[in-house]
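Peer 1: Let me begin by handing over the structure; questions about it come next.
The values are calculated or read from the model by the stated rules, or taken from the named source; none is laboratory data. Values in this document were obtained by computation on a predicted structure and should not be read as measured data. No Cβ is skipped: glycine too gets one built from the backbone with ideal geometry, and neighbour counts run over all protein chains shown. Protein only, heavy atoms only, side chains kept; ligands, DNA and RNA dropped before computing areas. Shrake-Rupley method; radii C 1.70, N 1.55, O 1.52, S 1.80 Å.
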Amino acid sequence: MSDTQYLVSARKYRPQDWGEVVGQDGITQTLKQAISSGQIAQAYLFCGPRGVGKTTSARIFARAINGFSPDDDALSFNVFELDAASNNKVEDIRSIVEQVRIPPQNGKYKVYIIDEVHMLSQAAFNAFLKTLEEPPSHAVFILATTEKHKILPTILSRCQIFDFHRISVPSMVSHLKEIATKEGVNASEEGLHVIAAKADGALRDSLSMFDQLVAFA
């Protein structure tokens with residue numbers, strides 16, 4: 001048995017820059033242009049099905065606007081992630097509200113990524129709204145959700161909204177081919193096509209199935 005810790009493909013091959021994001025070319029191009037022109041909004045909403053690159057794109061965006069590389073230690077002082085599915089109480093949001101006031105030690109922006117934001121309680125939404133209305137210039141919020149219809153209109157109106165779509169089967173097959181080559185796995189195009197079709201547009205699901213079949217074979 002190898003001493004090297006096993007990493008699932010979804011983590012091992014998680015995109016680290018815009019060129020590696022699969023199937024969201026329109027969104028990545030718009031975000032890159034916004035960064036290059038200095039048009040950074042205070043709040044973004046990334047919505048779409050699971051496993052299509054919302055959180056990954058949020059992390060890349062957070063690094064890019066600060067000029068950090070993926071392995072930069074300063075990243076942890078500028079980028080804060082909250083999973084609203086398990087941290088949805090008003091106290092969780094108040095801790096963010098208190099942090100927001102403090103300017104970043106490194107880089108230009110403090111970025112707050114709130115995943116599954118639709119899971120926040122009504123009280124938490126209300127506590128968050130005031131900060132979203134009048135955020136300090138150094139704060140950028142990126143909200144991610146699979147259920148946009150559950151977000152309050154008052155929140156939606158303060159965000160730039162990006163709709164992530166399901167990954168197409170050809171794009172997914174092409175990505176799986178690249179990973180199979182890197183891993184030294186002999187995979188037929190027909191087999192990869194079946195995986196991509198079964199994944200129903202979720203790249204993360206296709207990578208999980210790929211790992212499972214490699215282990216089986």
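Peer 1: Pick from the stretch 22-60 the residues that are among the hydroxyl-bearing types (Ser, Thr, Tyr) and out of contact with any Asp or Glu (no Cβ under 7 Å at 6 or more places or on another chain): which of them is nearest to Phe162 (Cα to Cα)?
Peer 2: If we take residues in the stretch 22-60 being among the hydroxyl-bearing types (Ser, Thr, Tyr) and out of contact with any Asp or Glu (no Cβ under 7 Å at 6 or more places or on another chain), then Tyr44 is nearest to Phe162 (Cα to Cα).
Peer 1: So, one more: Checking Val111 against (1) touching a residue at least 40 places away in the same chain (Cβ under 8 Å); (2) surrounded by fewer than 21 Cβ atoms within 10 Å (Cβ to Cβ); (3) among the β-branched types (Val, Ile, Thr): exactly one of these is not met. Which one?
Peer 2: Checking Val111 against (1) touching a residue at least 40 places away in the same chain (Cβ under 8 Å); (2) surrounded by fewer than 21 Cβ atoms within 10 Å (Cβ to Cβ); (3) among the β-branched types (Val, Ile, Thr), the one that fails is (2).
Peer 1: Scan the stretch 125-139 for residues that are open to solvent by 20 Å² or more (accessible area, probe 1.4 Å) and under 14 Å from Tyr44 (Cβ atoms) and jot them down.
Peer 2: Across the stretch 125-139, the qualifying residue is only Pro135.
Peer 1: Here is a follow-up. Mind checking whether some residue in the stretch 140-163 is in a helix (DSSP H, G or I), under 22 Å from Val79 (Cβ atoms), open to solvent by less than 40 Å² (accessible area, probe 1.4 Å) and not charged (D, E, K, R)?
Peer 2: yes
Peer 1: In addition: Filtering the stretch 4-21 down to residues that are assigned to a loop (DSSP other than H, G, I, E, B) and more than 18 Å from Ala62 (Cα to Cα), which residue is modelled with the lowest pLDDT?
Peer 2: Here the residue is Thr4.
Peer 1: Modelled with pLDDT of 90 or more and either loosely packed, with under 14 Cβ neighbours inside 10 Å or farther than 30 Å from Leu129 by Cβ (or both) - does that describe any residue in the stretch 178-192?
Peer 2: We begin by selecting, within the stretch 178-192, every residue modelled with pLDDT of 90 or more; these are none.
Scanning the stretch 178-192, I find no residue that is modelled with pLDDT of 90 or more and either loosely packed, with under 14 Cβ neighbours inside 10 Å or farther than 30 Å from Leu129 by Cβ (or both), so the answer is no.
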